[in-house]
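Asker: Once you've had a glance at the structure underneath, I'll fire off some questions.
The values are calculated or read from the model by the stated rules, or taken from the named source; none is laboratory data. Note that the coordinates shown come from a computational prediction; the quantities given were computed from them, not determined experimentally. So basically every Cβ, Gly included, is an ideal-geometry build from the backbone, and we count neighbours across all protein chains shown.
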Amino acid sequence: MGVWRKRESTAEDLNLLPRFTRAGMVEVPRHRLPDHEMLPQTAYQIVLDEVMLDGNARFNLATFVTTWMDEEADRLYAATFDKNMIDKDEYPQTAEIESRCVRMLADLWHAPKASESVGTSTTGSSEGCMLAGLALKRRWQQARREAGKPTDRPNIVMGANVQVVWEKFANYWEVEPRYVPLEGNVFHLTADRLLDHVDENTIGVVAVLGSTMDGSYEPVQEICAALDEFETTSGISVPVHVDAASGGFVAPFVQPDLVWDFRLPRVVSIQASGHKFGLVYPGVGWVLWRDTVHLPEDLVFHVNYLGGDMPTFALNFSRPGAQVVLQYFQFLRLGREGFRLVQQTCQDVAVHVAQDLEAMPEFDVVSDGRELPVVTFSVSDAVTKFDVYDVSRKLRERGWLVPAYTMPPKRDDLAVLRVVVRNGFSHDMAELFLRDLHEAVDWLDNLAGPMPREEQPSSFHH
Ligand SMILES: Cc1ncc(COP(=O)(O)O)c(C=O)c1O
């Protein structure tokens, strides 16, 4: 029997044992609490070794979420990971930093009075969408009640390309989701097909700045103009929420002339993911309302803050404060010019990747990174030996994680691959990726016959 099985060993003896000969290493309990303690180093090694089986985050071209920050941010993270965002009284400076970030974003997104802006950090865009959707629903209910009209059939209108969070919102808060189907080669909501779906029960329209499917921007200004026209003819005013999960941190720097934000009076709220192009590690998002009028007071709860009153609107109670601190770090570290440089570089890399793909007869480029730095491409009709799923699997052999999925209903005949270019996917890495992609395609092209077919996943929610 190995020496590690002696329970009478002291912690000191265990410390002497070579790491991979210790008890915990032999039988790792996976589905129940172990009977005994183990040294922290042993537990650390076991868990670290197991998560090594995950994909390498830097090769993850599927995610929109930040995988690289400056070393100083890593240190700041380690220094602040014990802060609870809800403890405003105990951590007043973190609360102050959150308010500063809200004001900075209000200014960036042209809120009419940035200094009086209302907004909050969230765990990510999903919580921001839930809160913004709830505010839309509550305002619609209040207006209907005041007018003596029924409130039992609210609906929300959006393109079929919306991220799964909006399906969740509609399901959890009992709002009828009205998806405007895709048509032709435009893979998002457009103004001309919107009004058929809008009526007096519409709590709002969601316009997406940076579709998850292909990185394209929905024409927020045109959508608002169509709703202006609708109001003129029907007397019904339908507000717009902009889901700027990714675009909220890209458009202000790379497409500053694009009008999509609070400059449009019909835009009542905007949410974005701090952890996507806000350049912070996972766990932070932001939601802002154009003014207090659009955030119904009865949704706001009050917590004690320095003996005073701090309004909060959130689904969670406790959540990490460190990511909010990191967001502030990025705002100070980069400033407008730094953000512009980072996002412009991502776009340059994306456009370069798209151009390389355009030159390959095997692929058709669907989006070329000129809106969000996202490239989507399909396998050309002429290719018979392989499909997008084969390419995705082949790239995995080299560690690259590139998702393959079909477009939403009405265009689910089209299957694509998607590359999200984020800070850290440098020109040099892009060259390595393209080299591997060319090799993967050569290998597939040279097969004696087509790849064997198996059933493919029908959709992908990222
Ligand atoms: C357009 C859009 N909205 C919402 C979300 C959900 O964001 P989060 O992951 O920050 O909750 C995503 C995520 O990819 C997205 O792309």
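Asker: Of everything in the range 270-282, what is buried (at least 24 other Cβ atoms within 10 Å of the Cβ) and more than 9 Å from the ligand (Cβ to nearest atom)? Give them in sequence order. Lay out the reasoning, then the answer.
Answerer: Step one: filter the range 270-282 for residues buried (at least 24 other Cβ atoms within 10 Å of the Cβ), giving 270-280.
Ile270, Phe277, Gly278, Leu279, Val280 - these are the residues of the range 270-282 that are buried (at least 24 other Cβ atoms within 10 Å of the Cβ) and more than 9 Å from the ligand (Cβ to nearest atom).
Asker: What are the pairs with Cβ atoms under 9 angstrom where one residue, in the range 362-382, is touching a residue at least 24 places away in the same chain (Cβ under 8 Å) and within 16 Å of Ser211 (Cα to Cα) and the other, located anywhere, is aromatic (Phe, Trp, Tyr) and in a strand (DSSP E or B)? Sequence gap at least six, or different chains.
Answerer: Val366/Phe377; Ser367/Phe377; Glu371/Tyr217; Leu372/Tyr217; Phe377/Phe363
Asker: Let me ask something additional. State whether the residues of the range 299-315 include one that is assigned to a strand (DSSP E or B), within 16 Å of the ligand (Cβ to nearest atom), assigned by TED's automatic domain parsing to the domain that holds Val250 and surrounded by 15 or more Cβ atoms within 10 Å (Cβ to Cβ). Reasoning before the result, please.
Answerer: Our first condition is that a residue be assigned to a strand (DSSP E or B); within the range 299-315, this holds for 301-305, 308-312.
Now drop any that are not within 16 Å of the ligand (Cβ to nearest atom), which leaves none.
The answer is no, given that none of the residues of the range 299-315 is assigned to a strand (DSSP E or B), within 16 Å of the ligand (Cβ to nearest atom), assigned by TED's automatic domain parsing to the domain that holds Val250 and surrounded by 15 or more Cβ atoms within 10 Å (Cβ to Cβ).
Asker: Can you tell me how many residues within the range 226-248 are more than 15 Å from the ligand (Cβ to nearest atom) and either assigned to a loop (DSSP other than H, G, I, E, B) or under 29 Å from Arg340 (Cα atoms) (or both)?
Answerer: As a first pass, look at the range 226-248 and keep what is more than 15 Å from the ligand (Cβ to nearest atom): 226-239.
Those left that are additionally either assigned to a loop (DSSP other than H, G, I, E, B) or under 29 Å from Arg340 (Cα atoms) (or both): 235-239.
Count: 5.
Yes or no, residue by residue, for (1) out of contact with any helix residue (DSSP H, G or I) (no Cβ under 7 Å at 6 or more places or on another chain); (2) within 16 Å of the ligand (Cβ to nearest atom); (3) without any contact (Cβ under 8 Å) to a residue 60 or more places away in the chain:
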{"position": "Leu33", "(1), (2), (3)": "yes, no, yes"}
{"position": "Ile46", "(1), (2), (3)": "no, no, yes"}
{"position": "Glu50", "(1), (2), (3)": "yes, no, yes"}
{"position": "Val65", "(1), (2), (3)": "yes, yes, no"}
{"position": "Asp74", "(1), (2), (3)": "yes, no, yes"}
{"position": "Tyr91", "(1), (2), (3)": "yes, no, no"}
{"position": "Glu96", "(1), (2), (3)": "yes, no, yes"}
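Asker: Among the residues of the range 6-25, what is the count of those that are of a type in the set (Lys, Arg) and either in contact with a helix residue (DSSP H, G or I) (Cβ under 7 Å, 6 or more places away or on another chain) or at pLDDT 80 or above (or both)? Don't jump to the end; show me each part of the working.
Answerer: We begin by selecting, within the range 6-25, every residue of a type in the set (Lys, Arg); these are 6-7, 19, 22.
Narrowing the set further to residues that are either in contact with a helix residue (DSSP H, G or I) (Cβ under 7 Å, 6 or more places away or on another chain) or at pLDDT 80 or above (or both) leaves 19, 22.
So the answer is 2.
Asker: Could we say that Asp214 is within 17 Å of the chain's Cα centre (by Cα) and either away from the ligand (no atom under 16 Å from the Cβ) or closer than 22 Å to Ala251 by Cα (or both) here? Please lay out each step first, then the result.
Answerer: On the way: within 17 Å of the chain's Cα centre (by Cα): yes; either away from the ligand (no atom under 16 Å from the Cβ) or closer than 22 Å to Ala251 by Cα (or both): yes.
Yes: the conditions hold for Asp214.
Asker: If you take the residues in the range 340-386 that are charged (D, E, K, R) and within 20 Å of the chain's Cα centre (by Cα), which one is farthest from Ala404 (Cα to Cα)? Can you show your working first?
Answerer: Just the residues of the range 340-386 that are charged (D, E, K, R), to begin with: 340, 348, 356, 358, 362, 364, 368, 370-371, 381, 385.
Still in the list and also within 20 Å of the chain's Cα centre (by Cα): 340, 368, 370-371.
On the way: Arg340: 30, Asp368: 16, Arg370: 20, Glu371: 20 Å.
The extreme case among them is Arg340.
Asker: Output the qualifying pairs, or none if there are none: Cβ atoms under 6 angstrom, residues six or more apart or on different chains, first residue in the range 124-145 and assigned by TED's automatic domain parsing to the domain that holds Arg178 and within 19 Å of Glu297 (Cβ to Cβ), second residue among the aromatic types (Phe, Trp, Tyr) and within 11 Å of the ligand (Cβ to nearest atom).
Answerer: From residues that are assigned by TED's automatic domain parsing to the domain that holds Arg178 and within 19 Å of Glu297 (Cβ to Cβ), the pairs are Met130/Phe169; Gly133/Phe169.
Asker: Report whether or not Ala225 is at pLDDT 95 or above and touching a Leu at 6+ places or on another chain (Cβ under 7 Å). Steps first, answer last, please.
Answerer: Working: at pLDDT 95 or above: yes; touching a Leu at 6+ places or on another chain (Cβ under 7 Å): no.
No; evaluated as a whole, the condition is false for this residue.
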